[in-house]
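Undergrad: First the structure, then my questions, so here it is.
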Amino acid sequence: MVVFHKEIDLNTVANRPSYHDVTSDVTEALASSGVQNGICVVSSPHTTCAVFFEEFMHDKNYYGDEFLQVDLNEALDKIVPVQRTEGQYHSPGPKHIAYGMAKTDPDYPAKEWTMLNTDGHLRSTLLGASETLIIKDGNLLNGKVGYIYFVDFDQTRERRRKCNIVIMGE
């Protein structure tokens, strides 16, 4: 059995969810793996990010978001409003704020407001951190219009994110 891993680096935006079509990265990884039959897992290690499988929409808004993603944002806004201030949600509590403020990350200096991302955590929980697709005869079984997307729902600031692809099979 072959186990093949690829990591994708992604840059996100601030003030809105950041969507990334990773379908071509996945098909390139599949070609490199040589796997003919098996499974492909696409996963996020970040707790405010999700991976989902959806139909490609040709129409996009001025930010480059497909209309189905805009619709998803509007639906999620009704269920999980964007966190605008402390106290809007129970999270983050004082212990978690203290933990976050003690972290030392030169790329992301600790600021209390950067921890106001409970909506991102809840949205990613609803969609899930990974997708698993079947590989048959060297092809990813994603249909003719099925695409794989990585989304970062943390809208507090720009970030560098990772998306993992694992392909297993023969």
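Undergrad: Name the single residue, out of those in the stretch 1-27 being exposed (fewer than 15 other Cβ atoms within 10 Å of the Cβ) and of a type in the set (Val, Ile, Thr), that is farthest from the chain's Cα centre (by Cα).
TA: VAL2
Undergrad: Could you tell me which of the residues LEU30, LEU76, LEU72, LEU116 is within 30 Å of GLY169 (Cβ to Cβ), surrounded by 12 or more Cβ atoms within 10 Å (Cβ to Cβ) and not hydroxyl-bearing (Ser, Thr, Tyr)?
TA: Selected residue: LEU30, the only one of LEU30, LEU76, LEU72, LEU116 that is within 30 Å of GLY169 (Cβ to Cβ), surrounded by 12 or more Cβ atoms within 10 Å (Cβ to Cβ) and not hydroxyl-bearing (Ser, Thr, Tyr).
Undergrad: Limited to the stretch 120-165, what total is found for residues that are closer than 12 Å to VAL41 by Cβ and touching a Lys or Arg at 6+ places or on another chain (Cβ under 8 Å)?
TA: 2
Undergrad: May I ask you to say which residue of THR85, THR47, THR104 is in contact with a helix residue (DSSP H, G or I) (Cβ under 8 Å, 6 or more places away or on another chain) and not aromatic (Phe, Trp, Tyr)?
TA: So the residue among THR85, THR47, THR104 that is in contact with a helix residue (DSSP H, G or I) (Cβ under 8 Å, 6 or more places away or on another chain) and not aromatic (Phe, Trp, Tyr) is THR47.
Undergrad: Given the criterion farther than 20 Å from LEU76 by Cβ, in contact with a Gly (Cβ under 6 Å, 6 or more places away or on another chain) and at pLDDT 95 or above, identify the matching residue among GLY138, GLY146, GLY169.
TA: The conditions single out GLY169.
Undergrad: Another question, if that's okay. Looking at VAL51, VAL82, which one is touching a Ser or Thr at 6+ places or on another chain (Cβ under 8 Å) and within 15 Å of SER124 (Cα to Cα)?
TA: Sole residue among the options that is touching a Ser or Thr at 6+ places or on another chain (Cβ under 8 Å) and within 15 Å of SER124 (Cα to Cα): VAL51.
Undergrad: Any residue at all in the stretch 2-12 that's within 25 Å of ARG160 (Cα to Cα), part of a loop (DSSP other than H, G, I, E, B) and of a type outside the set (Ser, Thr, Tyr)?
TA: The answer is no; no qualifying residue exists.
Undergrad: Then there's this: State all residues of the stretch 41-67 that are among the hydrophobic types (A, V, I, L, M, F, W, C) and in a loop (DSSP other than H, G, I, E, B); if no residue qualifies, say none.
TA: PHE56, MET57
Undergrad: For the condition over 21 Å from GLY128 (Cα atoms), modelled with pLDDT of 95 or more and surrounded by fewer than 16 Cβ atoms within 10 Å (Cβ to Cβ), what is the one hit in TYR108, TYR62?
TA: Matching residue, one of TYR108, TYR62: TYR62.
Undergrad: Which of the residues spanning the stretch 22-67 are of a type in the set (Asp, Glu) and in contact (Cβ under 8 Å) with a residue 60 or more places away in the chain?
TA: ASP25, GLU54, GLU55
The values are calculated or read from the model by the stated rules, or taken from the named source; none is laboratory data. Only a predicted model underlies this, so the values are computations on that prediction, with no experimental measurement involved. Positions of Cβ are generated from backbone atoms using ideal geometry, with glycine treated the same way; all protein chains shown enter the neighbour counts.
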